[in-house]
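Working notes, structure below.
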Amino acid sequence: MTSDSRATVERQSEERRRPVKISRVETFLAPPRWMFVRVETDAGLIGWGEPVVEGRAEPVRAAVEVLSEYLIGRDPSRIEDHWQVMTKGGFYRGGPILSSAVAGLDQALWDIKGKQHGVPVYQLLGGPVRERVRAYAWIGGDEPDEIRDALTAQIEAGFTAVKMNGCGPMTPIATRAEVRDCLRRAETAREVLGDERDFGLDFHGRVSPANARRLLPLLAEHAPMFVEEPVLCDYLHALPDLVNASNIPLALGERLFTRQEFLSPLQAGVAILQPDISHAGGISELRRIAALAETYGAQLAPHCPLGPVALAASLQVAFTTPNFLIQEQSIGIHYNQGAELLDYVADPEPFRFHAGSLLRTDRPGLGVTVDEPAVRAADKRGHSWRNPIWRHTDGSFAEW
């Protein structure tokens, strides 16, 4: 070895030994309703995350800024220690705002770690257990007359599973017409999809416990893959009765944020957990929720009607989780107005569907190449997305 090459090797070895520190944290509001976080190190490594509560992006942004005070100057590789401090270091803990801020930062730290080692995050989590991740497409469902054409379009696009809302606004004790509208959605879905494809019905928290007890047995003949959020998380005590009301697998979790909150649904017999990687503490907590679900024989179907970084992070968990079932994704979803998921990626290949599935890649970190100029331009436009406010015919508040 020449003296020059020896000096080069020594310099590279010294660079590897030199402590890396977090030097900068930035957030970007991006239409239609997302937020990204960019974490930079003094070694030039950059990690991306997606911390957001849809409709409450601004307070999540403020929470990220507060947590950044702790992170700046620290070693990005100590992900678990940072997660513990960010979630437990304040006297007041929990809630969707803090949990979502932590989630995005956690994603970015895993992205940095993967890039630092030149491997996908799933390799750092124990390696892959599957080659592809099955995904479903959203078809809306608020208006039942539009379902048939939407179902046909997704079949033609190659999807083997879809999800739709099971109803519009529903009164606390449903009329026969409201019940019939819900059943008609399921009938149409099964008729168009046949027996070889699946559909999920999302009650979206619009259905009272009394209505859920009535609807679930009636829906059973159409064999939905699952019924999501059969009741609001305010009524988790009703879950044992609902689990026993029919043989339909029940799913929930987008409004739960810690593994502790998922324990009682699992004990009640919920079959599918749907934590959101941008709400429930990021990659670190999602994999723990998945492990908890596995001990109850339950499946993981991560909630993710969000942007490209959240989807990429969810896929890293899916590729390494034995009890993973199916992945939600937002390409073409009816919420996306003014921007689409692929608008913020430099290379769409990791998000190309193959017969309704996403293939495993060996790209380092989260496996997504964020189009930084597009994200910075989007932040200049910003957004102030808020979910609709619905009312019953008598003027009282209705769950959206």
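Among the GluC sites (Glu not before Pro) within the range 126-157, those in coil by DSSP and having at most 15 neighbouring Cβ atoms inside 10 Å are E131. Under 15 Å of direct C-alpha separation, and excluding same-chain neighbours fewer than eight residues apart, K115 reaches these aspartates and glutamates: E40, D42, D75, D106, D362.
Using the alpha-carbon centroid of each, what span in Å lies between the range 284-359 and the range 23-54? First find each Cα centre; the distance between them is then 18 Å.
The Rg/Rh ratio for the range 242-332 is 0.96, where Rg is the radius of gyration of the alpha carbons and Rh is the Kirkwood radius. The chymotrypsin sites (Phe, Trp or Tyr not before Pro) of the range 60-126 meeting both criteria, a DSSP state outside H, G, I, E and B (loop) and at most 16 other C-beta atoms within 10 angstrom of the site's C-beta, are F91, Y92. Note: relative contact order over the chain, using C-alpha pairs below 8 Å and six or more positions apart, is 21 percent.
Among the GluC sites (Glu not before Pro) in the range 159-241, those placed in a DSSP loop whose Cβ has at most 13 other Cβ atoms within 10 Å are E196.
Looking at the square roots a ≥ b ≥ c of the eigenvalues of the Cα gyration tensor of the range 123-259, which shape do they give, rounded for a/c under 1.5, prolate if a/b is larger than b/c, or oblate? All intermediate terms of the calculation are to be shown ahead of the outcome.
Numbers: a/c = 1.97, a/b = 1.15, b/c = 1.71.
Oblate is the answer for the range 123-259, as a/c is 1.5 or above yet b/c matches or exceeds a/b.
Please sort 256-262, 373-379 by packing, taking for each peptide the average over its residues of neighbouring beta carbons within 10 angstrom, highest first.
Working: 256-262: 20.3, 373-379: 16.3.
Descending packing order for the listed peptides: 256-262, 373-379.
Relative to the dominant Cα principal axis of the chain, helix 57-71 is inclined by about 30°. Within the same chain, lysines fewer than 8 places from K113 are excluded, and of the rest, those with a Cα less than 30 Å from its Cα are K21, K88, K380. Largest mean-square fluctuation among K115, K88, K163, in a Gaussian network model of the chain whose springs join Cα atoms under 10 Å apart, belongs to K88. Semi-axis lengths, largest first, of the ellipsoid equivalent to the chain are 39, 22, 20 Å, with √(5λ) applied to each eigenvalue of the Cα gyration tensor.
Can you pull the Kirkwood radius for the range 37-159, inverse mean 1/r over Cα pairs, to one decimal in Å? Don't skip to the end; give the middle numbers.
Working: mean 1/r = 0.0584 Å⁻¹.
Mean inverse Cα-Cα distance, inverted, gives 17.1 Å.
Here the chain carries DSSP beta bridges of which approximately 50% are antiparallel, counting only pairs with both residues inside. Against the chain, whose longest principal axis is taken from its Cα atoms, helix 79-88 shows a tilt of about 60°. Note on the chain: dipole from Cβ charges, positive end direction compared against V227, P217, W48; the farthest Cα belongs to W48. Taking the longest Cα principal axis of the chain as reference, the axis of helix 372-381 is set at about 60 degrees.
No lab work stands behind these numbers, since they all come straight from the coordinates. For clarity, every value in this text was computed on a predicted model and none was experimentally measured. Note: ideal-geometry Cβ built from the backbone for every residue, glycine included; neighbour counts use all protein chains shown.
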